[in-house]
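Read-outs: derived from the displayed coordinates by stated rules, not from any lab. Nothing here was measured: the structure is a model prediction, and the numbers come from that model. Cβ sites come from the backbone with ideal geometry, for glycine too, and all protein chains shown count toward neighbours.
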Amino acid sequence: MASGNSPSSLIASKESSLPSSSSLPSTSSSQSPTSPIVTQPQTPCPPRVAMKTDDLISPQPINIFGQVTDFLDRHLQALRICVALLGVTGIVIIGRSIRVMKTFRAVSDIPEEFIRKQMTLRGKVRGHQDHHLLVEHLPIIRGMKGMKKGQRDSLLPVCLAGVHVSEGGLTHLVNMTPVDSLIRFRLLAVNEAQQLECIVTRRKNFASSLMVNESLVRQGFARVKPAHPSVALHPTTVRLIQRLSKAELHAEKKAKGIWAKPPLRERMNERAQEVKDGLKERLVSAMTPFTVGINAIKAAGARVGAIIRWSKKSSKNG
């Protein structure tokens with residue numbers, strides 16, 4: 001047992017196997033006495049936190065916006081095609097509803113919805129007749145075929161709404177809307193003569209337009225007349241009549257056109273004639289009682305004379 005692997009012999013063998021202190025490098029001899037000893041700070045290790053099993057299997061929040069964005073990115077080309085198809089379909093529906101390629105050649109061709117909504121049409125003046133315009137309707141999109149020769153007479157009669165053109169105003173109307181000039185006419189109503197009551201405008205320059213109805217009244221070539229009864233209370237018609245009334249008042253103050261005053265000599269002669277006619281009427285009215293009395297005396301004298309002549313004849317016969 002003494003010569004075996006006893007605990008004391010094992011400890012002795014381990015101590016003999018350890019290196020001696022002389023064999024270890026001496027740090028004090030290798031370093032100079034003036035160099036400081038640098039010590040590295042030891043960072044404490046973070047405490048270990050035990051993760052729960054529930055944290056490992058907890059569901060992540062769903063990003064709906066991100067998923068939608070990814071879906072749109074993946075199907076971007078199909079989305080563009082759908083949007084283009086919807087746009088083309090909408091344009092076709094709108095075009096059919098407003099009849100972009102339809103040419104109206106008679107008043108009966110115009111839908112009632114156009115007149116009820118007071119839509120504005122575009123046309124070209126082809127002539128003037130009885131103080132109204134003869135207009136060729138121009139659609140929004142014109143086809144390849146124009147108006148045929150046999151259809152030249154199929155024109156729309158367009159009247160100026162709220163305006164009665166004077167005899168001298170017809171020349172001014174022709175000058176304002178010459179033949180082949182482009183105009184726009186807003187539909188208000190259809191009168192008893194199957195004519196369109198419209199607000200007619202034409203391009204004055206690049207930035208502004210001119211209302212023919214108002215211009216004629218302002219220049220004194222037309223009078224304001226009541227609007228058509230079917231649209232008399234419509235806001236558009238009320239504003240039109242108010243605007244025309246202001247133009248008529250301006251023409252009357254400025255003495256333009258039909259409101260122009262005659263020369264002074266002519267006005268004096270007219271005034272003298274009016275005074276003479278007034279005095280004559282007063283004299284006749286004042287002499288009426290005397291005239292009645294004289295006529296009564298004449299009638300009585302005639303009767304007395306008849307009686308005298310009758311008595312003379314009867315005495316002769318007796």
- Task: For the stretch 182-236, divide the Cα radius of gyration by the Kirkwood radius and give the resulting Rg/Rh value with two decimals.
- Result: 1.00
- Message: From the Cα trace of the stretch 177-318, what convex hull volume per residue do you get, rounded to a whole Å³?
- Response: 319 Å³
- In sequence order, what are the phi-derived ³J(HN,Hα) couplings for the stretch 235-246 according to the Karplus relation 6.51 cos²θ - 1.76 cosθ + 1.60 with θ = phi - 60°, rounded to whole Hz, with x for glycine and proline? x, 5, 5, 5, 5, 5, 5, 4, 5, 5, 5, 5
- Fewest-first ranking of LYS253, LYS246, using other Cβ atoms within 10 Å as the exposure measure: LYS253, LYS246
- Task: List, in the order given, every pair from LYS117/LYS225; LYS204/LYS246; LYS117/LYS253; LYS204/LYS261; LYS225/LYS254 whose Cα-Cα distance in the structure shown is over 28 Å.
- Result: LYS117/LYS253; LYS204/LYS261
- Query: Ranking ILE110, ILE308, ILE199 by Cβ neighbours within 10 Å, fewest first, what do you get?
  - Reply: ILE308, ILE110, ILE199
- ARG126 long-range amide H proximity, modeled H, under 5 Å: LEU134, VAL135, GLU136, ASP180
- Message: With the alpha-carbon atoms as the only input, what is the per residue convex hull volume for the stretch 212-277 in Å³?
- Response: 105 Å³
